[in-house]
Amino acid sequence: MELGALICKPSNPLCNTCPISRNCKSFIKKDFALTKIKKKNKNKYFLLKVYKKNNKYLLVKNIKFNFLKNFNIFPMHELIKPKNFTQNINFKMSNMNMNIKIEYNNAIKSIPLSYWIDPKKLRNYTLPSFTKKIVRYLENNK
């Protein structure tokens, strides 16, 4: 940390005082430009299932996906290379472009790690902004 903060600075590095300059690739090449590794956005497709009962929405604890792990989200599953996919919502999350199709369901089966939320009391719940945005979308597009 000290070395990077005091000696190996992006502009005007102090190579003559650096203890490791003889093994430094930038010093050897005389190239001190910073290069950022740019991650490519991945397009992913999801089918989000909305269960509504008594004006409340069903959420589940996310144990399936690596994003928003252990947070409460709507039941959903990933679709691999779907044909004729028509999305309702698009979210950008980290390096993922999430294309989401919403499917409304009436029948409810027992889903483990689930509970019902009241959209009118949305601020009373500790939810990821992803889930709150979907609730707002659903409420605005009834």
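Sorting Ser11, Ser26 from the fewest to the most surrounding beta carbons within 10 angstrom yields Ser11, Ser26.
Look at Asp118, Asp31 and count the other Cβ atoms within 10 Å of each Cβ; fewest to most, that gives Asp31, Asp118.
Between Thr131, Asn105, Ile20, the Cα set farthest toward the positive side of the dipole of the chain (charges on each charged residue's Cβ, about the Cα centre) is that of Asn105.
Taking the Cα atoms only, what angle lies between the long axis of helix 129-140 and the longest principal axis of the chain, rounded to 10 degrees? Once rounded, the angle reads 40 degrees.
Output the relative contact order of the chain, whole-number percent, from Cα pairs under 8 angstrom with separation of 6+ residues. Could you put the intermediate results ahead of the total?
Numbers: 179 pairs, mean separation 34.5, N = 142.
Across the chain, relative contact order equals 24 percent.
Between Asn23 and Leu122, the simple label model (points 7 Å from Cα in the Cβ direction) yields a spacing of 5.4 nm.
Given the chain reduced to its alpha-carbon atoms as identical point scatterers, what log10 I(q)/I(0) does the Debye formula return at q = 0.12, 0.14, 0.19 Å⁻¹? Summing over Cα pairs of the chain leads to -0.62, -0.71, -1.12. Based on Cα contacts under 8 Å between residues 6+ apart, the range 53-109 shows a relative contact order of 19 percent.
Counted by neighbouring Cβ atoms within 10 Å, the residues Glu139, Glu2 run from fewest to most as Glu2, Glu139.
Each value in this text was obtained by applying a stated rule to the coordinates, not by laboratory testing. This is a predicted model, so every value here is computed, not measured. Virtual Cβ from ideal backbone geometry, glycine too; neighbours counted across all protein chains shown.
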